[in-house]
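Asks: Please find one structure pasted underneath; my questions will follow.
The values are calculated or read from the model by the stated rules, or taken from the named source; none is laboratory data. The model shown is predicted, which means the values in this text are computed figures rather than measured ones. Quick reminder, even Gly has a Cβ in these numbers, built from the backbone with ideal geometry, and neighbours come from all protein chains shown. These accessible areas exclude ligands, DNA and RNA; they are computed on the full protein's heavy atoms, side chains included. Shrake-Rupley method; radii C 1.70, N 1.55, O 1.52, S 1.80 Å.
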Number of protein chains: 4
Amino acid sequence: MIHGDRMMVVMTPQASQAEIAAVVERLEAVGVHAKVMPGELTTAIGAIGDPEGVRALALEGMPGVDQVIPISRPYKLASSELSHHEPTSFSVDGRVVGGNATFCLIAGPCTVESREQTLAVADAMQAGGASMMRGGAFKPRTSPFSFQGLGPPALDILAEARERTGLPVVSELTDINWAEPVAEVVDVIQVGARNMQNYALLEVVGKLGKPVLLKRGLSSTVEELLMAADYILKEGNDRVILCERGIRTFETATRFTLDLGAVPYLKLHTHLPVIVDPSHAAGDRKLVEPLSRAAAAIGADGIIVEVAEDPEAALCDGPQQLYARDFAEFAERVAAHAALCGRTLA
Amino acid sequence: MIHGDRMMVVMTPQASQAEIAAVVERLEAVGVHAKVMPGELTTAIGAIGDPEGVRALALEGMPGVDQVIPISRPYKLASSELSHHEPTSFSVDGRVVGGNATFCLIAGPCTVESREQTLAVADAMQAGGASMMRGGAFKPRTSPFSFQGLGPPALDILAEARERTGLPVVSELTDINWAEPVAEVVDVIQVGARNMQNYALLEVVGKLGKPVLLKRGLSSTVEELLMAADYILKEGNDRVILCERGIRTFETATRFTLDLGAVPYLKLHTHLPVIVDPSHAAGDRKLVEPLSRAAAAIGADGIIVEVAEDPEAALCDGPQQLYARDFAEFAERVAAHAALCGRTLA
Amino acid sequence: MIHGDRMMVVMTPQASQAEIAAVVERLEAVGVHAKVMPGELTTAIGAIGDPEGVRALALEGMPGVDQVIPISRPYKLASSELSHHEPTSFSVDGRVVGGNATFCLIAGPCTVESREQTLAVADAMQAGGASMMRGGAFKPRTSPFSFQGLGPPALDILAEARERTGLPVVSELTDINWAEPVAEVVDVIQVGARNMQNYALLEVVGKLGKPVLLKRGLSSTVEELLMAADYILKEGNDRVILCERGIRTFETATRFTLDLGAVPYLKLHTHLPVIVDPSHAAGDRKLVEPLSRAAAAIGADGIIVEVAEDPEAALCDGPQQLYARDFAEFAERVAAHAALCGRTLA
Amino acid sequence: MIHGDRMMVVMTPQASQAEIAAVVERLEAVGVHAKVMPGELTTAIGAIGDPEGVRALALEGMPGVDQVIPISRPYKLASSELSHHEPTSFSVDGRVVGGNATFCLIAGPCTVESREQTLAVADAMQAGGASMMRGGAFKPRTSPFSFQGLGPPALDILAEARERTGLPVVSELTDINWAEPVAEVVDVIQVGARNMQNYALLEVVGKLGKPVLLKRGLSSTVEELLMAADYILKEGNDRVILCERGIRTFETATRFTLDLGAVPYLKLHTHLPVIVDPSHAAGDRKLVEPLSRAAAAIGADGIIVEVAEDPEAALCDGPQQLYARDFAEFAERVAAHAALCGRTLA
């Protein structure tokens, strides 16, 4: 659990001078600079240097050591302090994501279920002013006996929807075996919450040359989200959009607890754009608009919401999908809050 | 864990007819109506009737019983379905709380530390358009070695601040021994998160004849919050304000996770006003304004925030307090989001 | 969130020399010793001194400060490092609690419901080799419409049970107004999980001159449990028994998640005895014996379990109560695991 | 969130007869049997039938519907109620896993770092009576800048260790591209916690013809663990070992909270063997033995622990690894608790 290039080794009150010296010696042996800080009760030793070297020392196990406290933050490339300070922004077929002047409204059905359903929703998205269209071709499902998506045929439908409406398409990649066909069609590749720490997938996605929408794992800290982004960024792909989608807590009134406070926290600590998915956390469409307005008001760079022509007939997550016929008014009300924060729809 | 007046008893696949009959017999013995529903694999038995009677049966322990699933919600008086359907609203010295047309902006120092500090902040609150003023006289602290508040002298200072500014005063009651002096001075009595399930305190507070601001416990579900409100409501006091203040989760980037989704959920299920405390969840003033804007946009009936003249010198929770000199602009920006939701400052 | 007498102030990479100097100056102004540790990317400043003084500085709010990291642990009197190193042990009417040679088996009904029920269980407890008897007179209940215990008449019944069996009695105090009658009858005063941070109650309990069984709050960290113990210890009462009883997590298969890992952690960091309550976490009697065996094997100083003559008829928590007729065999199996750890039944 | 073949639709108190009839009609239209249960306040409708059909109805979104409550459990093949009732047991090169008569002690280094280190530990494992040997070839790491394992060369070293000691080898598969070389060498294929819901990986693993050790995700419920097992079982592979390894909670004193209560819960509800990994939850070797003893006492089918010759020099997770020189005594003490539960070392 030692991260970064700086840490503090705290000795127990009973630690002997020899034990303190042994820690210092081990640190200096790998070229790490050590500063001893005697206190009233305990001695602490500050260590500054190569993180890999220090981690390998396993100091927590040495006699007399009470705690090893990491001080530097463990993410590097995603950090606004360590990497570039200006917010990252980029264009997806003309829609600017990031940069604090736009609000990116991504909407569409949970899953592509048929050509008719998808094109109908696509038309409503376009009419309502959406920035991009979402739609799942492959769906990771908790039970193997649930509907898993149409697969490749869904990609063709998404391509047709894009051609018809001009809306860029966001869709999830769940299996590296499908990386190429997905990358061929999709404008933004989504990595789902359950795959946030599927490092094999992150590395593949980092190499596909497409923007990536990386969802926070449902029990991942924001630090771990930023380290997962580092996996993509280190492949040379700096077009990464982070997405808060709700975390798992003891509360079951809502399906997940949307951690909106993570948005301003992330905006302080990373240069990457940050959007919010209110649909999966809510699990109930009556909560989706309030959460979307809140996401706009809190300073998010956008939202991604589920919309359907006929949610009652949807094969997946129907209860949380907005009605397509209500989408334009929904978009207007959310955009009004974004406008108060100086943002226009992307 | 059986709640309410309706439940479903699910038998195991191996349950015998005799075991099913025994459950039915026990239900009917206490006057509860039972409906047997045979299924392909298991039989379920619906039970409708007096909840105390059914709970006492301890059906989960009977042979052949797999699960007892409560169906009705367990709160009664706080429910918008079971109690009155119209939102509750009331006036605190002219400031209307609840009713969906006002936004109540409660602000002030974490703790009353001195007469000068408190009056200076009170003036800034009044100038900035606050609805009420907050300030702690008694502070529950995790460690017994931390500053615990001035106690009774703080009440005199709060009374002076109210006289000077006309702002109603919100302050916490932590110990039933102080109930009377606190109720004499304070306009809204706060029950803190750590006392949300201190039932002796809730019953005392229910009898004091003053509006109550009830904070959600840091690991309490919204159902438990509503049941705690029932403790106050059943004493005949229906002027209860619920307050979301952040729950404890695995995430440590923010001090608590502000569960803003609880606000629209509560607005659907209770007639009581719902406000948000963004300061304690954030633990960092840079997050307080975004969270406050989000609270306004999501449809809360108000917020309660900490403000200080000189947060760096505060004895308690300095880092999360807003600067008093920034308060008027803060209030204006938050009010703009409330206005989009059809609300004016109370 | 600054605790203890030692902390590390980490500056942002952009912090200027003037900002660093300002932090040092503020620390030294209150007599705290500051050590500047420049690093490759950021500077850290170690601070050693009076915790109240440092906390009051609110350094997190100063320009250029990124984080303030507490290093010392925040509990004092309960600490085996800062207070006395030998485990605390004491006798409750001949039963030794603490000290690593005994295992304290506390058992009895959830709630005293009648004289007959209580005496019958008491007899079974005595016959089965229990160390003490538990039984609730006052029950804190989530809903105000649930059975709240018999109150004072239950105390008389408990007194009779003790006289009859010789077993010391453990019972919960929920309201400081009942402190004296409870202390008159009860041998060990229990503070329930919901009251772990009811500081008014903790201080009263600290002064009653009786051993205290302090249950961990359902969302309290072990550090907070130890700080709550400090509230009792500072009143001069050092006979405090800590009790792990399950914490609230996302998992709902069991009612709470019993944090058995907290037991060896606590045994390393506090001199106080640590016992386990498996009944409330399980919520199902089929899990109670496995959890009890695990508590014995992990090195706990005892357990507290619920037992009833006729759990199906219990007014409270019936499904988790063991059958009194099975108690002696249960006790024997648990004691066998305790014996492997060098402990005999108290 | 509808699971299984049985559910209860609860209407709001305001639901009209027409709304109730509409729900019944929709259920019956897909061949699901509906039972209307009018209550004092609300009406409930029991639905029994094909789960896919009912899920597709998205009843939660219909007018007048308050809640849809699943009643049947959502896992099928892993269920001891729905699938076979007898515990599954199988032999891994002579070591019997499952069946309640053996205790499987899997031990070894976190990661294969060198031939010498691995063979030395393997010798100690064999001498100490281990049932199998563990060792990582590919390590999923939170940060892309951490040591990721030796990869393929580690597989050769593991093969040599097995030949030398006769101990079957357990190792993790993290990437489906490595499935074949891993399956060629490894006796039990581990799916790590971060991949528990990597369904593409689960399906591949189900087809490899080797026993699988499936770790619970760090924020997965036990129901989700059993549904993940269903992904493997449905490929025709019924040799699946479940592993509790700690969940993420608010508590940070230990790295994760080991949910030992999940073990007896799982033993009641699944026929699959259940083991415990105490090392990753503890994060500190001083806690590993107490947790291991507790796992044995609670009735687990085994444990998997990390052991190293020189943990201070380990590149990964050193502080939680046991010393190889202490292994034999550790094994003896743990086995004593297993013996009390009627189990001998596998």
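Asks: Based on what the data block shows, is residue C:126 buried (at least 23 other Cβ atoms within 10 Å of the Cβ) and touching a helix residue (DSSP H, G or I) at 6+ places or on another chain (Cβ under 6 Å)?
Replies: Working: buried (at least 23 other Cβ atoms within 10 Å of the Cβ): no; touching a helix residue (DSSP H, G or I) at 6+ places or on another chain (Cβ under 6 Å): yes.
No: the conditions fail for residue C:126.
Asks: Further question on the same structure: Output the number of the condition that residue B:223 fails; it satisfies all remaining conditions of (1) open to solvent by 10 Å² or more (accessible area, probe 1.4 Å); (2) in contact with a Phe, Trp or Tyr (Cβ under 8 Å, 6 or more places away or on another chain); (3) more than 14 Å from chain C (Cβ to nearest Cβ).
Replies: (3)
Asks: Can you pull out the residues in the range C:93-112 that are open to solvent by 10 Å² or more (accessible area, probe 1.4 Å) and touching a strand residue (DSSP E or B) at 6+ places or on another chain (Cβ under 9 Å)?
Replies: Quick first cut of the range C:93-112, residues open to solvent by 10 Å² or more (accessible area, probe 1.4 Å) only: C:93-96, C:99-102.
Those that are open to solvent by 10 Å² or more (accessible area, probe 1.4 Å) and touching a strand residue (DSSP E or B) at 6+ places or on another chain (Cβ under 9 Å): C:93, C:95, C:96, C:99, C:101, C:102.
Asks: If you go through the range B:197-217 one residue at a time, do you hit one that is within 12 Å of chain C (Cβ to nearest Cβ) and under 10 Å from the mean Cα position of the chain (by Cα)? Don't jump to the end; show me each part of the working.
Replies: First, pick out the residues of the range B:197-217 that are within 12 Å of chain C (Cβ to nearest Cβ): B:197-204, B:206, B:216-217.
Subsequent filtering for residues that are under 10 Å from the mean Cα position of the chain (by Cα) retains B:216-217.
Within the range B:197-217, one or more residues are within 12 Å of chain C (Cβ to nearest Cβ) and under 10 Å from the mean Cα position of the chain (by Cα).
Asks: So residue C:106 passes all but one of these: (1) on the phi < 0 side of the Ramachandran plot; (2) in contact (Cβ under 8 Å) with a residue 40 or more places away in the chain; (3) touching a Phe, Trp or Tyr at 6+ places or on another chain (Cβ under 8 Å). Which condition number does it fail?
Replies: Of everything listed in (1) on the phi < 0 side of the Ramachandran plot; (2) in contact (Cβ under 8 Å) with a residue 40 or more places away in the chain; (3) touching a Phe, Trp or Tyr at 6+ places or on another chain (Cβ under 8 Å), residue C:106 misses just condition (3).
Asks: Give the range B:227-266 a look and list any residue that's aliphatic (A, V, I, L, M) and touching a Ser or Thr at 6+ places or on another chain (Cβ under 6 Å), or say none.
Replies: From the range B:227-266, those aliphatic (A, V, I, L, M) are B:227-229, B:232-233, B:240-242, B:247, B:253, B:258, B:260, B:262-263, B:266; that's our starting set.
Answer for the range B:227-266, where residues must be aliphatic (A, V, I, L, M) and touching a Ser or Thr at 6+ places or on another chain (Cβ under 6 Å): B:227, B:247.
Asks: Among the numbered conditions (1) farther than 14 Å from residue B:277 by Cβ; (2) open to solvent by less than 20 Å² (accessible area, probe 1.4 Å), tell me where residue B:236 comes up short.
Replies: (2)
Asks: Among (1) open to solvent by 60 Å² or more (accessible area, probe 1.4 Å); (2) modelled with pLDDT under 80, where does residue C:14 come up short?
Replies: Residue C:14 satisfies every listed condition except (2).
Asks: I'd like to know if the range D:178-187 contains one or more residues that are surrounded by fewer than 22 Cβ atoms within 10 Å (Cβ to Cβ), more than 14 Å from chain A (Cβ to nearest Cβ) and β-branched (Val, Ile, Thr).
Replies: Checked the range D:178-187: at least one residue is surrounded by fewer than 22 Cβ atoms within 10 Å (Cβ to Cβ), more than 14 Å from chain A (Cβ to nearest Cβ) and β-branched (Val, Ile, Thr).
Asks: If you take the residues in the range D:77-92 that are within 14 Å of another protein chain (Cβ to nearest Cβ) and surrounded by fewer than 21 Cβ atoms within 10 Å (Cβ to Cβ), which one is modelled with the highest pLDDT?
Replies: Just the residues of the range D:77-92 that are within 14 Å of another protein chain (Cβ to nearest Cβ), to begin with: D:77-86.
Cutting the leftovers down to surrounded by fewer than 21 Cβ atoms within 10 Å (Cβ to Cβ) gives us D:80-86.
Values: D:80: 84, D:81: 74, D:82: 71, D:83: 70, D:84: 67, D:85: 74, D:86: 89.
Across the range D:77-92, the extreme among qualifying residues is D:86.
Asks: Taking the conditions exactly as written (open to solvent by 10 Å² or more (accessible area, probe 1.4 Å) and of a type in the set (Gly, Ala, Ser)), does residue D:229 satisfy them or not? Before the answer, list the steps.
Replies: On the way: open to solvent by 10 Å² or more (accessible area, probe 1.4 Å): no; of a type in the set (Gly, Ala, Ser): yes.
So residue D:229 does not fit the description; no.
Asks: Can you find a residue in the range A:218-235 that is over 14 Å from the mean Cα position of the chain (by Cα) and hydrophobic (A, V, I, L, M, F, W, C)? Please lay out each step first, then the result.
Replies: Taking the range A:218-235 as the starting set, the residues that turn out to be over 14 Å from the mean Cα position of the chain (by Cα) are A:234-235.
After this cut, where a residue has to be hydrophobic (A, V, I, L, M, F, W, C) as well, the list is none.
No: zero hits.
Asks: Can you name the number of the only condition in (1) at pLDDT 80 or above; (2) at the interface with another protein chain (Cβ under 9 Å from one of its Cβ atoms); (3) open to solvent by less than 20 Å² (accessible area, probe 1.4 Å); (4) more than 38 Å from the chain's Cα centre (by Cα) that residue C:37 fails?
Replies: For residue C:37, the failing item is (1).
Asks: Restricting to the range A:135-166, what's the tally of residues that are open to solvent by less than 10 Å² (accessible area, probe 1.4 Å) and either basic (Lys, Arg) or within 22 Å of the chain's Cα centre (by Cα) (or both)?
Replies: Looking only at that region, the number is 3.
Asks: Hey, which of the helices (runs of 4 or more DSSP H) in the range C:268-346, taking only ones fully inside, have at least 2 residues that are in contact (Cβ under 8 Å) with a residue 12 or more places away in the chain, over 22 Å from the mean Cα position of the chain (by Cα) and under 27 Å from residue B:59 (Cα atoms)? Reasoning before the result, please.
Replies: On the way: elements: C:278-282, C:285-298, C:327-340.
Qualifying helices (runs of 4 or more DSSP H): C:327-340.
Asks: Can I ask one more? For residue C:210, work out the one condition from (1) modelled with pLDDT of 95 or more; (2) open to solvent by less than 10 Å² (accessible area, probe 1.4 Å) it doesn't fulfil.
Replies: (2)
Asks: Further question: Out of the residues in the range A:60-72 meeting the condition of being in a loop (DSSP other than H, G, I, E, B) and crowded, with 21+ Cβ neighbours inside 10 Å, tell me which one is farthest from the other protein chains (Cβ to nearest Cβ). Outline the logic, then answer.
Replies: The initial filter retains those residues of the range A:60-72 that are in a loop (DSSP other than H, G, I, E, B), namely A:62-64, A:71-72.
Checking which are crowded, with 21+ Cβ neighbours inside 10 Å leaves us with A:71-72.
Values: A:71: 5, A:72: 7 Å.
Checked the range A:60-72; the qualifying residue farthest from the other protein chains (Cβ to nearest Cβ) is A:72.
Asks: Next up: Determine which single condition residue D:299 fails, assuming it passes every other condition in (1) within 20 Å of residue C:297 (Cα to Cα); (2) in contact with a strand residue (DSSP E or B) (Cβ under 8 Å, 6 or more places away or on another chain).
Replies: Among (1) within 20 Å of residue C:297 (Cα to Cα); (2) in contact with a strand residue (DSSP E or B) (Cβ under 8 Å, 6 or more places away or on another chain), the lone unmet condition for residue D:299 is (2).
Table: residues versus (1) under 28 Å from residue A:83 (Cβ atoms); (2) open to solvent by 10 Å² or more (accessible area, probe 1.4 Å); (3) of a type in the set (Lys, Arg).
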site: A:279; (1), (2), (3): no, no, no
site: A:291; (1), (2), (3): no, no, no
site: A:295; (1), (2), (3): yes, no, no
site: A:300; (1), (2), (3): yes, no, no
site: A:327; (1), (2), (3): no, no, no
site: A:341; (1), (2), (3): yes, yes, no
site: A:346; (1), (2), (3): yes, yes, no
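Asks: Another one. Just one of (1) open to solvent by 10 Å² or more (accessible area, probe 1.4 Å); (2) modelled with pLDDT of 95 or more trips up residue A:331, so point out which.
Replies: The number of the failed condition is (1).
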